[in-house]
1. For the chain, what is the convex hull (Cα atoms) projected area averaged across all directions, in square nanometres?
2. Highest mean first, how do 21-32, 149-160 rank when packing is the count of other Cβ atoms within 10 Å averaged over residues?
3. What whole number of Å gives the distance from the Cα centroid of region 79-126 to the Cα centroid of region 157-229?
4. Given the Cα-Cα distance of Ser51 and Ala246 and 0.36 nm per residue of separation, how much length would full extension add, in nm?
5. When a footprinting reagent is the concern and you count Cβ atoms within 10 Å, what order do Arg102, Arg36 take, fewest first?
6. So for Cys49, Cys219, fewest C-beta neighbours within 10 Å to most, what's the order?
7. Using per-residue counts of other Cβ atoms within 10 Å, averaged over each peptide, order 250-258, 229-237, 191-199 from highest down.
8. Taking every alpha carbon pair in region 124-246, what does the distance histogram look like in 5 angstrom bins from 0, in percent?
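FYI, it's all coordinate maths here, none of it is from the lab. Computed from a prediction, not measured in an experiment: that's the story for all the values here. We place every Cβ from the backbone using ideal geometry, glycine too, and count neighbours over all the protein chains shown.
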Amino acid sequence: MKFTKMHGLGNDYIYLDCMQGEPENLPELARTLSRRRFGVGADGLICICPSRWGDFRMRMFNADGSEGEMCGNGIRCLGKYVYDTGLTDKTRLSIETPAGLRALELHLSGAQVSAVTVEMGVPRVEHPRTLEAAGMMCTVTPVSMGNPHAVLFVGEVETAAVSRLGPGLECHPAFPNRTNVEFVQVLAPDRLRMRVWERGSGETMACGTGAAASLAAACVRGLCGHRTAVELPGGELAITWAGEGAPLYLTGPAVTVFNGEYLDKL
């Protein structure tokens with residue numbers, strides 16, 4: 001089975017060209033391939049499939065085999081993959097996801113894609129809720145980016161209880177389909193710093209939809225402006241949002257790590 005390993009700010013995925021058909025039992029395949037040290041190692045698996053509605057269709061599976069609705073870092077790398085491998089010569093693409101169609105603008109460096117701008121959809125920001133998790137009381141702002149998020153503002157992100165609160169909030173009864181959890185520090189009106197506990201994968205180096213949700217939650221609360229950089233452990237994303245009812249745009253790098261062939265039996 002041939003694959004490509006890619007990452008957006010260290011949020012890494014294994015990519016399969018499924019234009020001619022998908023492998024059987026994708027959840028189990030995602031669990032097997034994603035295991036670090038025992039498999040290829042990744043935060044999950046992304047399949048590039050034909051689409052009836054867009055240029056391509058993205059299926060994304062977390063490291064635990066659960067299927068996600070949308071992935072901001074993953075979809076940027078998908079855009080790079082299809083252009084760099086010759087599946088398309090277009091620099092503006094429409095990608096079908098379970099969260100809806102998402103538009104991509106590919107930014108080239110020479111003959112290859114170096115960065116991608118994603119139209120992430122319209123954020124839905126809910127009123128803050130105070131919840132108990134892991135024996136602690138915390139206030140989170142639920143945000144939907146087509147997938148669920150719980151944004152928690154903290155004074156210092158480096159010392160935030162990510163490994164303690166992350167699992168508790170991910171599986172909290174308030175989120176019946178589980179949720180991604182963002183820990184966000186406001187550095188300035190145009191700069192946020194974030195760590196993320198991703199649903200189905202644990203803490204990762206970056207999360208595109210999480211960065212988008214964090215900007216939306218902070219903007220609605222008046223904590224930042226509509227054009228903001230979000231710092232993550234893996235690097236930085238640029239986000240712009242005109243405000244409630246408008247789509248949000250995210251720009252960041254996309255990197256190919258290596259191509260390989262998985263030979264072990266699944």
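1. Mean shadow area of the hull around the Cα atoms is 13.7 nm².
2. Ranking, from highest mean packing down: 149-160, 21-32.
3. Each part's Cα centre sits 23 Å from the other's.
4. Gain on extension, Ser51 to Ala246, equals 67.7 nm.
5. Listing Arg102, Arg36 from fewest to most nearby Cβ atoms yields Arg36, Arg102.
6. Neighbour counts put them in this order, fewest first: Cys49, Cys219.
7. Sorting 250-258, 229-237, 191-199 by mean packing, highest first, produces 191-199, 229-237, 250-258.
8. Answer for region 124-246: a P(r) of 2, 13, 25, 27, 19, 10, 3, 0 percent.
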